[in-house]
Amino acid sequence: MKLKVEGRIWKIEKEGKLIDDIDTDMIYHNKYLHILDKKEMAKYAFSNLEGWQDFPKMAREGDIIIAGENFGCGSSRQHAVDCFLALGIKAIIAKSFGAIYKRNAINSGLLVLECKDIDKANLKNGDYIEINLENGEIKKDGKVVAKTKPMGRVQTAIYKAGNLFAYAKSL
């Protein structure tokens, strides 16, 4: 598996600033927890985040989300990971992640990367970026604009396998 991903970005921001503390209820509202079909879950990504309720209509497979500090804080709601997988989101780059959300995303094969300086990268919605997962470089138009925290050995192995279950079967 190649350790580079590229895609169009969505900066989850309000008034030009990345939104911090996006919790799992903002990502996937509890009134939709009865939905078990992952394809249906895609319709409700950011359903409770002011200004971003139309995200599922705008997003395309292969897009990359950029957010602020503590993305996915709150409950251990798996729907908040699965809705992005169902949309075909390729990666989420945030300044930091809620611990449970990060672990759920990694185990599910959703690429989550930390980048403390992502807001200084001079990116705007619709830009295409390339992320080298081996060295953490984020490039726009061939130029390095930011660098992510390196993925750990286990995260890399799970990502290469597709998810935690596939990784476990390969052992």
Under 17 Å Cα to Cα from K120, which aspartates and glutamates show up? Leave out anything in the same chain fewer than 8 places away. E13, E15, D20, E69, E130, E137, D141
Ordered by residue, what ³J(HN,Hα) values in Hz, to whole numbers, does the range 114-126 give under the Karplus form 6.51 cos²θ - 1.76 cosθ + 1.60, where θ = phi - 60° and Gly and Pro are x? 9, 8, 4, 9, 4, 6, 8, 7, 6, 10, 9, 3, x
Kirkwood Rh, Cα atoms: Rg over Rh of the range 1-88: 0.96
For the range 34-125, what is the percent of antiparallel DSSP beta bridges, rounded to the nearest 5? 0
Go through the range 71-85 residue by residue and turn each phi into a ³J(HN,Hα) via Karplus (6.51, -1.76, 1.60, θ = phi - 60°); whole Hz please, and just put x for glycine and proline. 5, x, 5, x, 6, 8, 4, 5, 4, 6, 8, 4, 5, 6, 4
Eigenvalues of the Cα gyration tensor times 5, then square-rooted: what semi-axes does that give for the range 40-133, in whole angstrom, largest first? 19, 17, 13
Over 22 Å between C-alpha atoms is what I'm after, so list which of K102/K160; K11/K57; K140/K160; K57/K95; K57/K116; K17/K160 land there. K140/K160; K57/K95; K57/K116; K17/K160
Lys, Arg +1 and Asp, Glu -1 on Cβ, resulting dipole of the range 1-143 about Cα centre, debye, nearest 20: 280
Can you give me the orientation-averaged projected area of the convex hull built on the Cα atoms of the range 88-171, in nm²? 5.9
For a quick check: with amide H placed at 1.01 Å from N, whose amide H comes under 5 Å from A146's, ignoring anything fewer than 5 positions away on the same chain? I138
1/(1 + (r/R0)^6) with r = Cβ-Cβ of E130 and H34, R0 = 30 Å, i.e. FRET efficiency to nearest 0.05, evaluates to 0.20
For the range 91-137, what percent of Cα pairs sit more than 17 Å apart? 38
Got a sec? Charge dipole of the range 1-108, +1 on Cβ for Lys and Arg, -1 for Asp and Glu; which of I19, V5, Y44 is way out at the positive end? V5
Given the Cα-Cα distance of A99 and S76 and 0.36 nm per residue of separation, how much length would full extension add, in nm? 7.3 nm
Could you list which residues have their amide H under 5 Å from that of A91, counting only those 5 or more apart in sequence or on another chain, with H placed in the peptide plane? I65
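Since every read-out is calculated from the coordinates, none of them should be taken as a lab result. Fair warning: this is a prediction, and the values are worked out from it, not measured in the lab. FYI the Cβ positions are ideal-geometry reconstructions off the backbone, even for glycines, and counts take in every protein chain you see.
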